[in-house]
Amino acid sequence: MTHVSVEALLINNVSTLVIINVFFNVLSKYAVPLFFFISGFLLTYNYDNNINEVNIIRRIIKLMPLYVLFSLIYIIYNILNGKKYSIYRLCIEILTGSSMYHLWFVPVIIQFYLLFPFLFKFGRARPKTLLIINTLITIGYNVFILLPDYNYAPLKTILYRLFFRYSLYFYVGIYYKIHNNSFIPNFKNIKTQLFSLIVLSSINTLYVINGIIKYGNYYLIPSKYFIFIPLFEPLQYLVTISILFQSIKFIINNSHLNDMIIKISNNTYEIYLIHVLFIEVGITLLNTINITNTKYFFYIILFILTFVLSNIFVQKLKVIFY
């Protein structure tokens, strides 16, 4: 949803369509923190009493073949769209996850895998101390990277691919498992949390819309303008994660829904890697039949098209490789 709704940010004038898509874009940005939260939780679940560095390295190695494959697919796509590559540039894009804008996730998750033994041990010894440290690191670093105007693109690429941006969410996953799920509030508080989420998302949306009005286009807004968002973003993401985990009670009582979610979640990594390609192809196809990002059903069709094609592709891929 994030990568579909972001197409509305290319529109210069502010309309109801832009406001709705900005809201959904803001609301759906919890997905990446949620991935890191689940990764921290699952690593702790699997290695709670026996941290095995060899197994962690194996997990990292397991990520690499598909990551490299899809990096090369995006590089070929970029070449077909006129981008030129040297051997140096090709290697840098694969190493940094920059052959397409969403691949940065993999280098960051590898950093967390390598840091996990330290975070786990220290998290058991000084859990609240490490929680405070990671909160300050995440907020402080996300403010810091918004301060300079980067003229040197490689520096920006590196800074945006360091684990500090999401260290809080990965550690909260560890904390949640170590301390018997104590992070998630009682289900009775879900109405308050939903209200808080809507308020926080609305404030964030209005702030972005104000920036578009002020500067004429989202991509003309200077990075410093967003400097206040990292101050309350962690609360928005953690509230969203809390709501989702409380909703599990409903999901596990619905066997058909549960089966569908498990089937989709088993392919989450592969779908994440490929879905942007189908977004790019989908936009091109829709534009050829005069369905553009200025029309409401553009986003509905693009989302459904991307979701369906990504799942079909991954199923066929697993038949070939597994």
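The values are calculated or read from the model by the stated rules, or taken from the named source; none is laboratory data. Nothing here was measured: the structure is a model prediction, and the numbers come from that model. As a convention, Cβ positions derive from the backbone with ideal geometry for all residues, glycine included, and neighbour counts pool all protein chains shown.
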Scanning region 212-231 residue by residue, those in a helix (DSSP H, G or I) and surrounded by 13 or more Cβ atoms within 10 Å (Cβ to Cβ) turn out to be I212, Y215, Y218, S223, Y225, F226, I229, P230
Surrounded by fewer than 18 Cβ atoms within 10 Å (Cβ to Cβ), part of a helix (DSSP H, G or I) and not hydroxyl-bearing (S, T, Y): is that true of K128 in this structure?
yes
Filtered residues of region 16-46 (kept if among the hydroxyl-bearing types (S, T, Y), in contact (Cβ under 8 Å) with a residue 24 or more places away in the chain and surrounded by fewer than 19 Cβ atoms within 10 Å (Cβ to Cβ))
S28, Y45
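Which ones in region 145-157 are assigned to a helix (DSSP H, G or I), surrounded by 14 or more Cβ atoms within 10 Å (Cβ to Cβ) and out of contact with any Phe, Trp or Tyr (no Cβ under 6 Å at 6 or more places or on another chain)? Full working, then the answer.
Step one: list which residues in region 145-157 are assigned to a helix (DSSP H, G or I), which gives 153-157.
So of that shortlist, the ones also surrounded by 14 or more Cβ atoms within 10 Å (Cβ to Cβ) come out as 156-157.
Across region 145-157, the qualifying residue is only T157.
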Under the condition of being assigned to a helix (DSSP H, G or I) and at pLDDT below 85, which residue from region 272-297 is nearest to I11 (Cα to Cα)?
Y296
All-but-one check, T2 against (1) within 17 Å of the chain's Cα centre (by Cα); (2) in contact (Cβ under 8 Å) with a residue 60 or more places away in the chain; (3) surrounded by fewer than 16 Cβ atoms within 10 Å (Cβ to Cβ), failing number (2)
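Based on what the data block shows, is I178 modelled with pLDDT of 90 or more and aliphatic (A, V, I, L, M)? Quick ask: steps written out before the conclusion?
Values: modelled with pLDDT of 90 or more: no; aliphatic (A, V, I, L, M): yes.
The answer is no for I178.
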Residues that are in contact with a helix residue (DSSP H, G or I) (Cβ under 9 Å, 6 or more places away or on another chain), modelled with pLDDT under 80 and part of a loop (DSSP other than H, G, I, E, B): does region 237-251 have at least one?
yes
Condition check: at pLDDT below 85 and buried (at least 17 other Cβ atoms within 10 Å of the Cβ). Does K191 satisfy that?
no
May I ask you to list the residues in region 109-125 that are within 17 Å of F36 (Cβ to Cβ) and either surrounded by 15 or more Cβ atoms within 10 Å (Cβ to Cβ) or in contact (Cβ under 8 Å) with a residue 12 or more places away in the chain (or both)?
I109, I110, Q111, F112, Y113, L114, L115, F116, P117, L119, F120, G123
Pairs under 6 Å by beta carbon, first residue over 10 Å from N142 (Cα atoms) in region 218-229, partner part of a helix (DSSP H, G or I) and modelled with pLDDT of 85 or more, six or more apart or different chains?
Y218/I212; I221/G211; I221/Y215; Y225/G211
Kindly evaluate Y101 against the criterion of being in a loop (DSSP other than H, G, I, E, B), more than 18 Å from L115 (Cα to Cα) and within 21 Å of the chain's Cα centre (by Cα).
yes
Identity of the residue in region 47-98, basic (K, R) and loosely packed, with under 15 Cβ neighbours inside 10 Å, that ends up nearest to the chain's Cα centre (by Cα):
K62
